[in-house]
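Right, one structure below, let's go through it.
The values are calculated or read from the model by the stated rules, or taken from the named source; none is laboratory data. As the structure is a computational prediction, the values presented were derived from the model and not from experiment. Neighbour counts are summed over all protein chains in view; Cβ atoms, including those assigned to glycine, are modelled from backbone coordinates with ideal geometry.
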Amino acid sequence: MKKTIIIVALTALPALSLALTSCASAGGSTDPIEVNKTDEGKISFSKTVHPILMDHCIRCHGEDADGDLSILNYEDVVKGGKTAGFIRPGDPEGSKIITSVEKTAVPNMPPKIFPALTEDRIQALKQWIEEGAENN
Ligand code: HEC
């Protein structure tokens, strides 16, 4: 009887560690990003900014949006959450999307058990806001 339990435990271990690894990588990548620009040379919302948000924020800011903030599409992103100033076009430092990921003001996002945004991701978000936060 004891033997059976040990064997079961041993066979379950690799499956468990695999499940944990894939869970940790489900969102919040820290790989370098590909920065895609529009024909005008601006950072693209659809090809650069939105994929970053979908990777790091969708877990909590999708259909059942925490803080009333959804990042599902451009309209939702510019509308922001229950407080004002998620996106202030031309003013990255005044935009909560930036202060939250740079952790210079509360709330800090994503919550600290998830990987923080890498510098290249933050730079891309900042530049997109600087350039007018267009639906491009
Ligand atoms: C694990 C869940 C989780 C993830 C992932 C997450 N958030 Fe949040 N977020 C929350 C919760 C819960 C709240 C509401 C409570 C609060 O304001 O602290 C919130 C609120 C916010 C607010 C305040 C909204 C308002 O107007 O009051 C901002 C800004 C925000 N999140 C930005 C982000 C960004 C940007 C990302 C991705 C980089 C992100 N969050 C990822 C859980 C999450």
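Quick notes
- Selected residue [aliphatic (A, V, I, L, M), part of a loop (DSSP other than H, G, I, E, B), within 10 Å of the ligand (Cβ to nearest atom) and more than 15 Å from the chain's Cα centre (by Cα)] from 116, 84: 84
- Among the residues of the stretch 39-85, those that are among the β-branched types (Val, Ile, Thr) and either in contact with a His (Cβ under 7 Å, 6 or more places away or on another chain) or closer than 15 Å to residue 134 by Cα (or both) comprise 43, 48, 49, 71, 77, 78.
- Checked against (1) within 24 Å of residue 136 (Cα to Cα); (2) out of contact with any His (no Cβ under 7 Å at 6 or more places or on another chain); (3) touching a residue at least 12 places away in the same chain (Cβ under 8 Å), residue 28 passes all but condition (2).
- Conditions (1) in a loop (DSSP other than H, G, I, E, B); (2) over 18 Å from residue 45 (Cβ atoms); number of the one not met by residue 93: (1)
Table: residues versus (1) within 12 Å of the ligand (Cβ to nearest atom); (2) surrounded by fewer than 16 Cβ atoms within 10 Å (Cβ to Cβ); (3) on the phi < 0 side of the Ramachandran plot; (4) in a helix (DSSP H, G or I).
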{"residue": "34", "(1), (2), (3), (4)": "no, yes, yes, no"}
{"residue": "47", "(1), (2), (3), (4)": "no, yes, yes, yes"}
{"residue": "59", "(1), (2), (3), (4)": "yes, yes, yes, no"}
{"residue": "99", "(1), (2), (3), (4)": "yes, no, yes, yes"}
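- Within the stretch 61-81, being in a helix (DSSP H, G or I), more than 7 Å from the ligand (Cβ to nearest atom) and either buried (at least 16 other Cβ atoms within 10 Å of the Cβ) or not acidic (Asp, Glu) (or both) holds for 74, 76, 77, 78, 79.
- Qualifying position, being more than 13 Å from the ligand (Cβ to nearest atom), touching a helix residue (DSSP H, G or I) at 6+ places or on another chain (Cβ under 7 Å), at pLDDT 95 or above and not small (Gly, Ala, Ser), among 107, 89: 89
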